[in-house]
1. Within the group Val129, Val139, Val152, which residue is buried (at least 20 other Cβ atoms within 10 Å of the Cβ), modelled with pLDDT of 95 or more, in contact with a Phe, Trp or Tyr (Cβ under 7 Å, 6 or more places away or on another chain) and among the β-branched types (Val, Ile, Thr)?
2. Could you run through the stretch 235-245 and say how many residues are surrounded by fewer than 16 Cβ atoms within 10 Å (Cβ to Cβ) and assigned to a strand (DSSP E or B)?
3. Pick from Ala248, Ala261, Ala257: which is over 30 Å from Val60 (Cα atoms), modelled with pLDDT of 90 or more and in a strand (DSSP E or B)?
4. Which of the residues belonging to the stretch 230-277 are among the acidic types (Asp, Glu) and over 25 Å from Lys54 (Cβ atoms)?
5. Check whether at least one residue in the stretch 238-248 is in contact (Cβ under 8 Å) with a residue 40 or more places away in the chain, closer than 12 Å to Val208 by Cβ and in the same structural domain as Arg214 (by TED's automatic domain parsing), and report yes or no.
Amino acid sequence: MKSYKSFLVYTFICLFLLSGCLSLNVGTKSRHNTYIPPSTGTTTDGTVPTETTKAPVEVVSTFEGTASWYGPKFHGKKTASGEIFDMYELTAAHKSLPMGTKCVVTNLDNGKSVVVRINDRGPFAKERVIDLSYASAKVIGMIHSGTIRVRVEVLSGKETDGLETVAGPAPKANTEPDTVIDTKNETKTDTKNNNISGEYKVLFTIQVGSFSSRENADRLSDSIKEYVEDVWVEEFTTTESVYYRVRAGKYSSREDAEKTATILSEAGHTGFIMELK
């Protein structure tokens with residue numbers, strides 16, 4: 001009798017363990033059926049992922065107010081940062097932002113925008129929030145008005161190092177800012193910057209405009225295609241806004257970019273040369 005009871009107990013235990021193993025196997029099978037291995041080149045829904053653009057640059061603060069500009073009177077003088085003020089660079093003065101901070105400044109009247117770097121202190125007139133260099137002011141169309149209402153987005157410092165930069169001055173034979181050197185038959189050396197004309201290792205393009213409206217960007221793009229074949233609109237995004245930059249041409253030397261920029265300028269289009277990274 002005892003052996004019979006022992007047999008029943010043993011049989012019951014085996015059946016219990018077997019049922020547990022079956023349950024465990026079902027669960028494992030279900031889990032593996034829904035598992036998608038990594039690095040397959042597809043998303044979880046089986047579609048091929050779309051190529052992503054650059055991550056938005058973080059905006060640490062935003063403010064609006066009146067902007068002014070300064071130029072010839074201060075050109076060549078030392079700024080509060082210690083740099084020599086160059087009215088043809090995309091810089092600005094602010095009362096308290098750290099030197100080197102980059103900001104997107106947008107003209108609220110026409111939607112044009114520009115990225116500037118803080119390298120000076122000011123403005124000191126009441127009710128004004130930022131003082132732009134001549135070049136910065138020209139880009140957003142405020143030279144004749146003198147002052148305008150703007151929106152300023154202060155960008156995170158750690159995320160602005162990779163932003164495209166305005167190309168430095170090309171080697172010149174004199175100090176005239178609008179002089180273009182013909183380097184077709186000879187090579188000129190800029191002893192100040194130790195650069196040899198035409199030997200840049202980056203690509204250059206001309207930014208003809210930057211807008212908060214895609215429609216305005218497309219309109220400008222269409223208007224300059226008769227002068228430049230390679231024209232495109234590129235999005236620049238922050239955590240607050242999207243800007244549409246109109247770019248024209250890709251050049252292996254600054255001199256080639258300057259030739260096209262001169263043509264565009266004669267046609268009434270303001271732009272500046274950028275280094276493509």
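1. Checking each option against the conditions leaves just Val152.
2. Number of matching residues: 3.
3. Result of the check over Ala248, Ala261, Ala257: Ala248.
4. Glu255, Asp256, Glu258, Glu266
5. Within the stretch 238-248 (the criterion being in contact (Cβ under 8 Å) with a residue 40 or more places away in the chain, closer than 12 Å to Val208 by Cβ and in the same structural domain as Arg214 (by TED's automatic domain parsing)), the answer is yes, since at least one residue qualifies.
The values are calculated or read from the model by the stated rules, or taken from the named source; none is laboratory data. Keep in mind the model is a prediction, meaning the values are calculated, not measured. Reconstructed Cβ throughout: ideal geometry from the backbone, glycine too, with neighbour counts over all protein chains shown.
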